[in-house]
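Please read the structure below before turning to the comments.
None of the figures in this text is laboratory data; all of them are computed from the coordinates on show. Values in this document were obtained by computation on a predicted structure and should not be read as measured data. With ideal geometry, Cβ positions are generated from the backbone for all residues, glycine too; neighbour counts draw on all protein chains shown.
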Amino acid sequence: MTDPGELSRAHEAVGGNCSACHTAFKGQEPAKCIACHANESMLLARQPTAFHASIDRCGGCHMEHQGRNVRPTEMSHLALAAALARDGISLGATLHGKPEAELEQSLDCNRCHANQDPHREQFGTGCADCHTTARWQVEGYRHPSPESRDCAQCHVAPPSHYMMHFEMVSEKTVGLEHVEVRSCYLCHETTAWNDIRGVGWYKHH
Ligand code: HEC
Ligand code: HEC
Ligand code: HEC
Ligand code: HEC
Ligand code: HEC
Ligand code: HEC
Ligand code: HEC
């Protein structure tokens, strides 16, 4: 056989045994990967990668023979959408004839990324309305000025702000009394929630 290149560090031990991953005349088969990787409990427990329980294609996201220092993983939402579509797993949309970008955008982002939602569901669960899969940054987006008074339109206060903690700690820290919670701008900078207006960085004890 031709030498296709060095295996990844993780598979070095398997290396000599080509048939662990390859079947003569068929090439590389996902079933062979699954034979060794069926019991990845951490992988299945973590929300974004839990889909491994139901997928039976490994290509597109896992490559091999790229050298021992290359991690053999690169997430591809397109490979994911294509695999789910091929296997008839519902994405909540019809996929036939859709261009690639649309196919990706039809994924239910919230199913895998809800735990990363920094908006605390204030913007709903339709992440794809605003986000694409390449990066979470939104092109052309500028945060409202620190002079804005509309903070509560987009941000939800933590539960502690609706308990005694608000009067006992939050208000006292800023030196104010009887403030409405929704007046975030009286107490918060836009830099970070721990950057308290007129006080500086608030350290939790
Ligand atoms: C003979 C058993 C075996 C086979 C077959 C096998 N693997 Fe692995 N794989 C391992 C072992 C052992 C490790 C390293 C220990 C670990 O992380 O679990 C590993 C690690 C990995 C990693 C983590 C690599 C890293 O650096 O983070 C991925 C991804 C992976 N395998 C995917 C695959 C895919 C895809 C296939 C099929 C093309 C495959 N494996 C076939 C045994 C196997
Ligand atoms: C749609 C892309 C995609 C497909 C298809 C896919 N994986 Fe993965 N896989 C990932 C991602 C992303 C990770 C997480 C890597 C990380 O943590 O950096 C991962 C992680 C893994 C790991 C754990 C690696 C580690 O770091 O310990 C193994 C093992 C693995 N995949 C095996 C498989 C096998 C076997 C298949 C085919 C049955 C498969 N994957 C199909 C994207 C995919
Ligand atoms: C850990 C699993 C694994 C082992 C072990 C492994 N390969 Fe591969 N090999 C793959 C995967 C996966 C591909 C598909 C390439 C890709 O998608 O990056 C591949 C691709 C190839 C290709 C390119 C043609 C094709 O089928 O796509 C050749 C040739 C090849 N391997 C030969 C070998 C030989 C020879 C050995 C033993 C020295 C070996 N492989 C061991 C996983 C493995
Ligand atoms: C079936 C699960 C799944 C679905 C559905 C899904 N993703 Fe992902 N996404 C992942 C995984 C896995 C990663 C790799 C990072 C990780 O392991 O946490 C990832 C990474 C990302 C990243 C980070 C990219 C980077 O390199 O920084 C963005 C942005 C993203 N996804 C957006 C989306 C959007 C938008 C949607 C809906 C259109 C979506 N995802 C649908 C599983 C999913
Ligand atoms: C109404 C539009 C909108 C919706 C819907 C939305 N987001 Fe965002 N999201 C944004 C904007 C705007 C940013 C800021 C982007 C920037 O700084 O470039 C952002 C930032 C993010 C970031 C990056 C935060 C950081 O500080 O790096 C993540 C992660 C994220 N959103 C996840 C989600 C998830 C998950 C969902 C769905 C549950 C979602 N978003 C729904 C508009 C939205
Ligand atoms: C039009 C919607 C909108 C308004 C109005 C708004 N923000 Fe934001 N803010 C966002 C988005 C989107 C992000 C980035 C994603 C995220 O963290 O939710 C963000 C991020 C932040 C962050 C960074 C959070 C972090 O952990 O990185 C702080 C702090 C913040 N805003 C404070 C404020 C304050 C204070 C006001 C009022 C002066 C305000 N925002 C007004 C939408 C808004
Ligand atoms: C009276 C001043 C005040 C108002 C009004 C206020 N906060 Fe705070 N907030 C604080 C202070 C002080 C802290 C840090 C200490 C603490 O937990 O009380 C804090 C902490 C936070 C944190 C970090 C909590 C954590 O668990 O790390 C978030 C997020 C936050 N506020 C969001 C908001 C939002 C959103 C609003 C408006 C809807 C708001 N706050 C209104 C004073 C205020």
If unit charges are put on Cβ atoms (+1 for Lys and Arg, -1 for Asp and Glu) and the dipole of region 60-205 is taken about its Cα centre, the option from VAL169, LEU84, THR73 lying farthest towards the positive end turns out to be THR73
Rounded to the nearest 10 degrees, the helix 77-86 long axis (Cα) sits at an angle to the longest Cα principal axis of the chain of 60
How do 121-131, 107-117 rank on mean C-beta neighbours within 10 Å, highest first? 107-117, 121-131
Column: log10 I(q)/I(0), Debye, Cα scatterers of region 46-85, q = 0.27, 0.31, 0.34 Å⁻¹: -0.99, -1.14, -1.23
Per 10 Å bin, what is the whole-percent P(r) computed from every C-alpha pair distance within region 22-165? 9, 29, 30, 19, 10, 3, 1, 0
So which aspartates and glutamates can LYS203 reach, going by Cα to Cα under 17 Å and dropping same-chain residues fewer than 8 places off? GLU171, GLU189, ASP195
Size of charge dipole - region 50-194 - debye, nearest 20, with Cβ of Lys, Arg +1 and Asp, Glu -1, no other charges: 380
